[in-house]
Structure formats: C-alpha cells, structure tokens
1. I'd like the full set of residues that are crowded, with 18+ Cβ neighbours inside 10 Å and at pLDDT 90 or above, limited to segment 6-30.
2. Would you confirm whether or not segment 298-305 contains a residue that is part of a loop (DSSP other than H, G, I, E, B), in contact (Cβ under 8 Å) with a residue 40 or more places away in the chain, out of contact with any Cys (no Cβ under 6 Å at 6 or more places or on another chain) and more than 20 Å from A222 (Cα to Cα)?
3. Considering segment 75-88 alone, what residues qualify as being touching a residue at least 24 places away in the same chain (Cβ under 8 Å) and out of contact with any Lys or Arg (no Cβ under 9 Å at 6 or more places or on another chain)?
4. For segment 92-197, give me every one of the helices (runs of 4 or more DSSP H) that falls completely inside it and has 3 or more residues that are farther than 30 Å from V353 by Cα and either out of contact with any Asp or Glu (no Cβ under 6 Å at 6 or more places or on another chain) or assigned by TED's automatic domain parsing to the domain that holds A306 (or both).
5. Checking S140 against (1) surrounded by fewer than 17 Cβ atoms within 10 Å (Cβ to Cβ); (2) touching a His at 6+ places or on another chain (Cβ under 9 Å); (3) at pLDDT 95 or above, which single condition isn't satisfied?
6. What do you reckon, is D190 crowded, with 22+ Cβ neighbours inside 10 Å, touching a helix residue (DSSP H, G or I) at 6+ places or on another chain (Cβ under 9 Å), within 17 Å of I22 (Cα to Cα) and in contact (Cβ under 8 Å) with a residue 24 or more places away in the chain?
7. Among the residues of segment 67-96, what is the count of those that are closer than 24 Å to G25 by Cα and at pLDDT 95 or above?
8. Filter segment 256-288 for residues that are in a helix (DSSP H, G or I), free of Cβ contacts under 8 Å to residues at least 60 places away in the same chain and touching a strand residue (DSSP E or B) at 6+ places or on another chain (Cβ under 8 Å) and give the result.
Amino acid sequence: MISIADVTAAPLDIELTEPFGIATGAQTLAANVLVTLTLSDGTTGTGEAAPFPAVNGETQGAVLDALAAASSSLAGLDALRWRPAVGVAEHALRGTPTALAAFESALLDALCRRAGISLWSFFGGAQKELVSDITIPTGSPEHAKAAAGRAIDAGFATLKVKVGGVPFDHDRARLAAIVQAAPNARLVLDANASLSAEEALALLEALGHAKGQVALFEQPTAKLDLDGLRRVREHGGVPVAADESACSAADVLALIAARAVDAINIKTMKCGIVEATDMIAVARAAGLGLMIGGMVESKLSMTVSACLAAGMGGFAHVDLDTPWFMKDAPLEGGWLERGATLRVDQIGAGHGVSCTLRR
C-alpha cells in the first residue's frame, strides 16, 4: 500500500503589484498557505490554499490551524484510494474549503508525479490551452482606463470588470472609461453578489450600445437571491453566471431548478477538486456553460485549475489571471504562457510547479 506519510503546511505570502479590489473588500497581499504531502515511498506533492476573507471569511491562520489539527487523521490513509482519502479530509477540514482544495491538489500532484503523468492528462487531456481574461479591479475611472489600455496592449481580448460596492455613477464612469480604452473588448462584469436585480439591470442599460460587449454578468445579486439572478438573466439581455451562489453540486441543482443562470463559475477554492468535478457534471447535464476561476491564487493552484478545465474541456470562460498581479512569487514551472494564452499540455508530471519557499 502507498500511504500518506505526512501533510505539512506553511504560510505562502506573496506581494501584489496593486490592491486586488472587489465589491466586498480588497487584498494587498496574497496571504496563502503552501501544503506539502509526502507519500510513504518518498514522493511529494504540493497544493495551495488561497483564503480571501472578503469572499469566504477564511484566513491564513484558520487554514494553518485546520491543517495542523487534521494532519494526524490524514497520515496513514491509502493514497491510491484517493477519493476515500478526500472524504476523510473533507470531514476533518470542514469549514475551510481552501484547505481541502490544497490537500487534494497536493495528493493528486504526488500521485501523478509518482505515475509520471501530468494533472492535465489525469483530468482527460481534452484541449491543450486556454485563453484567460484579466481583471480590472475596483478603483477610479482613470485607473480603469489605464488598466484596460495596458491589457489590450498585452494581448487580452476579454476584460473582467469588478463592479458594485460603490455609488452607481462611479461604476458607470468606470465602465465608460474602459469602453473608451477598449471598444472591441469582450467584457465580463462581476459584482460579487453586491447588487440588487434593479441595480444590475440599470448598470447594463447605462452601457448603451456597449452592452453588446458584455459576454457575461457574473453573480450580480446576493448569494441566496436566485430570483434576482433569474430576473437579470431574463431582462438584462446578457448571459448570467453564478459564483457565490454555486459552491456545491447541490447549489448547481438549485440554480437549475430556479432557471437562474446560464453558466457556473467553478473554483476549487470554494469546495475542493472532487466537488468541483461533480459541479461540472451537473452543469453539463443541464446544458449550462462553464467558467473556471479562482481566488487570489498563485501560479501553483491556478495551474491546477487550468489542468482541470483544459483536461475536461468545454470551458467557454476562463478567469485565471491573479498570478499576473503577483511579484516575486517563489514558484517555477506550471503552464506556459503567451500573452493571454495558457498552454498546459507540456507541463510534465503533476502540476509541474516547484516552490522555492524557505520553511
């Protein structure tokens, strides 16, 4: 039997190039956690937890404490029976889904490295590359215009614009500035559950002819306001995606029953990898579109998500941009990037990312 010999965790602090602001708060530092899992034959794998207090209430300290408390129950588990092992971890790490995602990433990384295959191959190898958007965080219209111009010059065709949490006219001015700088860009509006249906619809109308640039409106209304999501979907004239409202396969079923959205944003940090694959299956069965996203994650966990999305295929919307907001990250390897294009078929074994963090 190949068992889990050890699971350890350490802070992974990475400075951001600018505050990553959303409607509910901002991060100036990615206070993440690096998880290292060692198998009984000495093979190691790594994973990353990316708590974002303004989104999920998790903190770096809570994740470290949860992993320390769970380590004894995880050691000795049969690593080859990895789904039952994840079931044990899910119970032990209840309340800290980012810790669960990091454990799953580290376990699968170790198993794939031992087998000599990539996570991309493990998930199916459906397509070789993805094309990501890039986020325009909250801020002034001037900042938004400059950021949009830089993104277009760097080769990004889709801009994800954070809205909400500010007066209506401020968002309207920011959107106008972005449209001026990028009149041909596809736009993904993301309110992070901060608007009412009426406010979301008014914001779309304020765009005028530029509403045609909106490819998706992500989580315009509150997490539990499925009726509001449905109203925006039915009256806004643009596709609507669920993020905060979709944290499990059961959530996806509720969204389907309510006819609330057109697409689901899959994030491993919301629920872990196993639950994410179940969410994908349910969404596909209902004909919903798929988006891959994340919290403020480094290239380590973002490469895992890229392998999941490209490996399984069929993701029309890709939002794996936060590594571009980080500087001096102690990481090497992972996807190969060319502008907005992320290639994952040449990664090597596991997720292909190595960390030079001194512990």
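The values are calculated or read from the model by the stated rules, or taken from the named source; none is laboratory data. All values reported here derive from a predicted model rather than from experimental measurement. FYI the Cβ positions are ideal-geometry reconstructions off the backbone, even for glycines, and counts take in every protein chain you see.
1. Of everything in segment 6-30, those that are crowded, with 18+ Cβ neighbours inside 10 Å and at pLDDT 90 or above turn out to be V7, A9, L12, I14, A30.
2. Initially, segment 298-305 is screened for residues part of a loop (DSSP other than H, G, I, E, B), giving 298.
Narrowing further to those that are in contact (Cβ under 8 Å) with a residue 40 or more places away in the chain: 298.
After this cut, where a residue has to be out of contact with any Cys (no Cβ under 6 Å at 6 or more places or on another chain) as well, the list is 298.
Still in the list and also more than 20 Å from A222 (Cα to Cα): 298.
Yes, segment 298-305 has at least one match.
3. A75, G76, L77, D78, L80, W82, R83, A85, V86
4. Answer list for segment 92-197: 141-153, 168-181.
5. Here S140 meets the rest and fails (3).
6. no
7. 1
8. The answer is A276, M279, I280, A283, R284.
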